[in-house]
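A short worksheet on the structure shown next.
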């Protein structure tokens with residue numbers, strides 16, 4: 001289950017309390033909190049995106065990665081950031097032993113290559129997709145890979161912040177409502193088609209003159 005605190009008030013005090021669980025970078029937290037109060041969720045998310053990404057320094061990347069477990073390893077602890085990680089790493093193929101071994105081996109190669117843990121936004125990705133991306137990123141140079149790490153850290157931070165704001169749940173609720181409307185429309189259309197077919201058949205039957213045998217259209221022979 002996602003570790004949500006409901007609709008987070010957009011004041012500086014609350015933001016300073018919850019933002020480190022999204023991205024453990026003091027400068028990022030300070031910049032966002034300094035802009036509070038925000039008029040709405042979109043303004044807060046825009047500020048969070050602007051303060052992250054390419055603006056993250058190498059030191060900030062290292063500090064943030066220290067709060068992230070390796071992909072494929074169960075996060076320890078009872079804090080909100082650990083709960084976030086557990087939820088993010090859940091996937092339909094999470095128990096696939098072969099994929100787990102490939103991720104573990106890839107993690108080792110990555111750490112030997114770049115001297116840091118492999119980080120990727122796991123939510124919405126299968127283990128197979130993560131393996132493919134890990135293999136691809138192992139071929140990149142240091143500069144290109146560092147930019148991807150900064151982007152992934154920011155994506156994860158925004159995902160977590162949206163969860164705290166309740167934005168993800170609102171999106172899911174809207175998607176469920178849209179699907180229900182679509183299902184109801186399909187059901188109504190099916191009922192209408194069935195009623196039209198029944199009416200057409202009844203009219204055709206009424207049009208047959210009395211005493212005139214109805215032609216056999218089954219194609220059977222005596």
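Read-outs throughout are calculated quantities, based only on the coordinates presented, and are distinct from any laboratory measurement. Computed from a predicted structure; not experimentally measured. Every residue, glycine as well, gets a Cβ built from its backbone with ideal geometry; the counts of neighbours run over all protein chains shown.
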* With each pseudo-label sitting 7 Å past Cα toward Cβ, what's the residue 94-residue 192 distance in nm, one decimal? -> 4.3 nm
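Indicate the gyration tensor shape class of segment 47-148 (rounded, prolate or oblate), computed on the Cα atoms with a ≥ b ≥ c the square roots of the eigenvalues: a/c under 1.5 is rounded; otherwise a/b larger than b/c is prolate and the rest oblate. Please report the intermediate quantities before stating the final value.
On the way: a/c = 1.74, a/b = 1.17, b/c = 1.48.
Oblate, because a/c is 1.5 or more while a/b does not exceed b/c.
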* To do: Note the full-extension length gain between residue 27 and residue 109 as 0.36 nm times their separation in residues minus their Cα-Cα distance, in nm to one decimal.
  => 26.4 nm
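At a 10 angstrom cut-off on C-beta neighbours, averaged per residue, how do the peptides 139-152, 11-24 rank from highest to lowest? Don't skip to the end; give the middle numbers.
Values: 139-152: 14.0, 11-24: 18.8.
Ranking, from highest mean packing down: 11-24, 139-152.
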